[in-house]
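Following: one structure in structure tokens, then a few remarks.
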2 protein chains.
Amino acid sequence: MSIEKDIKQTSFRSPFHRLVVNLMYTNNWVCDHQTRLLKPHGITLQQYNVLRILRGQYPNPVKVSDITERMLDKMSNASRLVDKLVAKKLVDRTECPSDRRAVDVVITQKGLNLLKQLDTQQWEDRLKTLSEDEAVQLSQMLDKLRGSDE
Amino acid sequence: MSIEKDIKQTSFRSPFHRLVVNLMYTNNWVCDHQTRLLKPHGITLQQYNVLRILRGQYPNPVKVSDITERMLDKMSNASRLVDKLVAKKLVDRTECPSDRRAVDVVITQKGLNLLKQLDTQQWEDRLKTLSEDEAVQLSQMLDKLRGSDE
DNA sequence: TTACATTAAATGTAAATACACAAATTTGCT
DNA sequence: AGCAAATTTGTGTATTTACATTTAATGTAA
């Protein structure tokens with residue numbers, strides 16, 4: 001049953017059709033959980049993801065174009081997204097010395113603290129219906145699905 | 001490598017973290033493909049999904065509230081989404097006889113024709129990097145991830 | 001150096017979305 | 001019946017998104 005039950009559909013045309021629907025449904029399930037956790041902290045899921053990209057490179061700066069590239073859901077406008085984070089003082093934006101077209105973005109201490117706080121929320125525990133091995137395996141199958149498993 | 005390569009991230013905190021990122025990334029990969037296929041036909045992914053819900057019940061009507069329930073990404077406003085489909089004459093909207101608060105929505109012949117046309121595009125072939133068995137297995141693991149595998 | 005293409009970021013805009021709320025109808029309770 | 005609560009859809013509004021365009025800086029080649 002599972003999805004069939006959740007979305008009250010009884011049949012799919014093929015296992016591939018069911019998989020696509022399931023993928024969207026599950027993604028949404030995860031995003032909902034995350035969004036709900038982030039809301040009290042005043043940031044959106046996309047902003048959260050940007051902050052994590054910046055933390056990954058800290059203390060090195062990341063250019064707006066790099067952020068766009070690395071975003072999971074490539075959004076049309078990293079510029080305005082960074083605006084919001086600057087306004088919240090979660091990141092600093094400075095002109096890149098070596099290329100004045102570019103903009104260096106760095107996460108602030110306040111931003112790092114926020115992430116730290118969110119880390120401890122351990123929302124990923126909700127995924128512990130899977131064993132660690134299963135998580136690895138599922139991830140690998142997603143890679144294979146996209147044809148980038150080599 | 002795979003996602004690590006795609007989003008230029010070299011490490012994840014845990015298999016669960018990697019899984020969540022992979023899920024979002026893969027979902028986006030799929031949505032992009034679909035959106036690109038639908039665009040020439042003048043409908044969005046959400047509209048497409050609504051049409052398929054309606055086809056699943058055809059020729060029975062579906063209420064707006066049912067659509068909201070069954071949507072993969074529950075949107076805040078099925079009402080306006082149906083508006084768009086009515087404007088394109090892909091669905092009919094009539095007042096429900098037994099409950100005048102409710103609205104019955106039915107897909108039109110034009111809508112059915114459009115879906116038929118899209119069916120033949122077989123975009124799901126792009127997922128054929130997986131065998132049918134693997135698609136079944138992957139789908140089951142997604143069910144388990146959400147804890148609705150019983 | 002000048003001309004022209006390319007790149008990076010920002011902006012204008014129309015459309016879509018989230019969220020709160022309003023209006024109409026039905027349901028349930030006494 | 002009468003009235004409060006719940007249900008269903010629609011609307012108002014601020015935010016976000018997609019997409020095209022603009023501005024500024026850099027690269028390249030004559």
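Bear in mind these aren't lab numbers, they're just calculated from the coordinates by the rules spelled out. Predicted model only: the values in this text are computed from it and were never measured. As a convention, Cβ positions derive from the backbone with ideal geometry for all residues, glycine included, and neighbour counts pool all protein chains shown.
For the pairs B:K5/B:K74; B:K84/B:K128; A:K63/A:K89; B:K39/B:K144; A:K63/A:K110, flag any whose C-alpha to C-alpha distance is greater than 23 Å. Correct reply: B:K5/B:K74; B:K84/B:K128; B:K39/B:K144.
Anisotropy class assigned to chain B is prolate, per the alpha carbon gyration tensor with a/c at or over the 1.5 cut-off and a/b larger than b/c. Here is how far apart the A:D83 label points are across copies: 2.5 nm, shortest first, using a point 7 Å from Cα toward Cβ. Cβ crowding within 10 Å, taken as a proxy for footprinting-reagent exposure, orders A:F12, B:F16 from fewest neighbours to most as A:F12, B:F16. The stretch between B:R126 and B:D92 holds 8.9 nm of extra length on full extension. This uses 0.36 nm per residue minus the Cα-Cα distance.
Where Lys and Arg each count +1 and Asp and Glu each count -1, what net charge lies around A:N113 among other residues with Cβ under 13 Å from its Cβ? Net local charge, A:N113 excluded: +4.
What do you get for the angle between helix B:132-146 and the principal long axis of chain B? Use alpha-carbon atoms, 0 to 90 degrees, nearest ten. The two axes meet at around 90 degrees. Of A:I43, B:H33, A:L54, which is farthest on the positive side of the dipole of the protein assembly as shown, counting Cα position, with +1 on Lys and Arg Cβ, -1 on Asp and Glu Cβ, and the Cα centre as origin? Going by the Cα projections, it comes out as A:I43.
When B:T94, A:T44, B:T108 are arranged by Cβ crowding within 10 Å, least crowded first, meaning fewest neighbours, the order is B:T94, A:T44, B:T108. Compute the separation of the alpha-carbon centres of the stretch A:24-41 and the stretch B:1-80 and state it in Å as a whole number. Value for the Cα centre distance between the two parts: 14 Å.
Averaged across the residues of A:72-78, what count of C-beta atoms belonging to other chains lies within 10 Å of each residue's C-beta?
For peptide A:72-78, the averaged partner shielding equals 3.
With a 10 Å Cβ neighbour count serving as the proxy for reagent exposure, in which order, fewest first, do B:R101, B:R93 appear?
Ascending number of Cβ neighbours within 10 Å: B:R101, B:R93.
Taken residue by residue and averaged, Cβ atoms of other chains lying within 10 Å of the Cβ of B:59-70 number 1. Calculated FRET efficiency, B:E134 to A:S79, Cβ-Cβ distance, R0 = 41 Å: about 0.55 to the nearest 0.05.
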